[in-house]
1. Can you pull out every residue in segment 197-223 that is within 11 Å of the ligand (Cβ to nearest atom) and within 23 Å of Ile136 (Cα to Cα)?
2. Quick check on my filter: what residues within segment 153-176 are surrounded by fewer than 24 Cβ atoms within 10 Å (Cβ to Cβ) and within 9 Å of the ligand (Cβ to nearest atom)?
3. Looking only at segment 290-300, which residues are within 15 Å of the ligand (Cβ to nearest atom) and buried (at least 17 other Cβ atoms within 10 Å of the Cβ)?
4. Under the condition of being over 21 Å from Arg144 (Cα atoms) and buried (at least 17 other Cβ atoms within 10 Å of the Cβ), which residue from segment 177-194 is farthest from the chain's Cα centre (by Cα)?
5. Spot the failing condition for Ala112; the list is (1) open to solvent by less than 10 Å² (accessible area, probe 1.4 Å); (2) not assigned by TED's automatic domain parsing to the domain that holds Glu76, and only one is missed.
6. Which strands (runs of 3 or more DSSP E) sit wholly inside segment 6-105 and have at least 2 residues that are out of contact with any helix residue (DSSP H, G or I) (no Cβ under 7 Å at 6 or more places or on another chain) and open to solvent by 50 Å² or more (accessible area, probe 1.4 Å)?
7. Name the strands (runs of 3 or more DSSP E) wholly inside segment 235-324 in which the number of residues that are over 15 Å from the mean Cα position of the chain (by Cα) and in contact (Cβ under 8 Å) with a residue 12 or more places away in the chain is 3 or more.
8. Only residues that are within 16 Å of the ligand (Cβ to nearest atom) and farther than 14 Å from Thr125 by Cβ: list them for segment 26-40, please.
Amino acid sequence: MRAVAVAAFKAEPALVHVPKPEPGAGEILVKVEFAALNPYDWKVADGLLDGQAPHVFPLVMGVDFAGRVDVVGPGEHRFVVGDRVYGQVSRPPVGAGTYAEYVTVPQDSALAGVPDTLDLRTAATLPTSGMTAAQILQNGAVLRPGQSLLIVGAAGGVGSVLTQLAAAREVRVIAAVRGDERERMAKLGAATTVDTTEEPLESRVRAQYPEGVDAVVDLVSSTPDAFAAHARLVRPGGTALTTRYVADPALVPAGVEAVNFGLKASAALLDTLAAAAATGDLKVPVDAELPLEKAPQALAQNRSGGARGKTVFAVRFGNDPETAVPRTPRSR
Ligand SMILES: NC(=O)c1ccc[n+]([C@@H]2O[C@H](COP(=O)([O-])OP(=O)(O)OC[C@H]3O[C@@H](n4cnc5c(N)ncnc54)[C@H](OP(=O)(O)O)[C@@H]3O)[C@@H](O)[C@H]2O)c1
């Protein structure tokens, strides 16, 4: 089957041919129709999980998918052949990813059915970004109506969903973005949008919230110091959360809870998101829809920034060549 993979850590992603996987006990084989891009994908290809989990090369990239059940493996199952499903694949070995024509998925993982009224393209945009946004509000930065939330990096995949979910709870969202995204962010529900290339974020937030905001969700800071600067905009008793594991409690002001958020994916979260997307309550902006073979260019683009919502890859089926690249397991 065709897939987009790297031959080694930090190698250039490329379209390759690898053997079609077979579902084991408790697994299904999904014929992928759409896969979605997350920064996590290129981070993993760079070696983010090296030493923490076994990898297989060529390392097929990607974790988010939507498609149809093609084969049901042995054992009990929630799904039958032909069911429309979507989810996030994150079990070892790393490298059996979703930028491919087929992927095997454990049926007891973050896997859910797609409601009839939801298209697979939209479903594919939801898993990582949507679950992250929903879980941040569930137990990372829990906010009441009328409270304020500063989102740094609000125009990307996670931020676009988080803005909507927070606004739906009547939380006042301050969206920090680069570029003139005011109209776009206002449509997603942001009360205020700050273009950080035009005005310093700190002084703008201080002017509007002299006592500090109730929470900050920082999706972009890559150092503890940069994160701490945003945490200083939070009132005592509030929460400063990073999705990039750069919260150092020693640098965050006393009284502000510092949270290094890590997603715990689940089928229940997926069900909730699919229901919201099916009714139109949740809209995930699609930045670009590209054929799978364009994934290498899209990944390079995402590394350099500029995401506005999600990039999805449409998987169109071609002829499998007779020679597929053999895959070599590698334990670390
Ligand atoms: N810990 C977890 O469980 C978890 C889960 C999901 C995601 N994440 C991580 O969270 C981060 C965000 O994910 P994502 O999917 O939302 O990424 P994304 O779709 O690539 O979006 C990132 C956004 O941040 C913006 N940005 C970058 N620097 C900025 C700055 N200084 N000020 C304002 N905006 C800025 C980018 O646009 P511009 O470049 O145009 O500014 C882009 O809109 C990634 O690092 C991802 O790996 C972690």
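1. Scanning segment 197-223 gives Leu201, Val217, Asp218, Leu219, Val220, Ser221, Ser222.
2. Result: Gly153, single match.
3. Selection gives Ala295, Ala298, Leu299.
4. Top of the filtered list is Val194.
5. If we test Ala112 against (1) open to solvent by less than 10 Å² (accessible area, probe 1.4 Å); (2) not assigned by TED's automatic domain parsing to the domain that holds Glu76, just (2) comes out false.
6. Where strands (runs of 3 or more DSSP E) fall fully within segment 6-105 and carry at least 2 residues being out of contact with any helix residue (DSSP H, G or I) (no Cβ under 7 Å at 6 or more places or on another chain) and open to solvent by 50 Å² or more (accessible area, probe 1.4 Å), they are 64-72.
7. 257-260, 286-291
8. Pro39, Tyr40
The values are calculated or read from the model by the stated rules, or taken from the named source; none is laboratory data. What you see is a predicted model; the values in this text were computed from it and never measured. Glycine also receives a Cβ, built like all others from the backbone with ideal geometry; neighbour counts cover every protein chain displayed. We work out accessible area using only protein heavy atoms, side chains counted, and drop any ligands, DNA or RNA first. Shrake-Rupley method; radii C 1.70, N 1.55, O 1.52, S 1.80 Å.
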